[in-house]
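Input: a single structure, listed below in structure tokens.
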Amino acid sequence: MRAQFHNAEKCDFQAPYLSDVERGERNITLQTLNKILDALEVDPGSVLIPESKTNNNPDSIKEELLMILFNTLEDKNEDDIRMLLNITNDIFGRFKHD
């Protein structure tokens, strides 16, 4: 229980709030999640992107990640998918090397 209070203090939350989050009784924003992960010194990618269940074959891992992305978007409406596509294109467009 003391560790819970310490973690709550590290991310500037009350212990009961953090306890509710841990039990899945509260919905939180990405900003709140990031604050918690920072306090716990956990990489956000390790939480948000599932570990690969396939071997270390890069093609298999890529295929698995694309399937996860597809499944995530499957129930979204067309406007949301277009918005994500535009954001993705914008992000990758900024990193292009000419």
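Throughout, read-outs are computed from the coordinates displayed, never taken from laboratory work. All figures in this text were calculated on a predicted structure; none of them were measured in a lab.
Backbone phi angles across the range 63-79, fed through the Karplus curve with coefficients 6.51, -1.76 and 1.60 (θ = phi - 60°), yield HN-Hα couplings of 4, 5, 5, 5, 5, 4, 4, 4, 5, 5, 8, 3, 9, 7, 7, 4, 4 Hz in residue order; Gly and Pro are listed as x.
Extension gain for ASP12 to ASP90 (0.36 nm times residue separation, less C-alpha to C-alpha distance): 24.7 nm.
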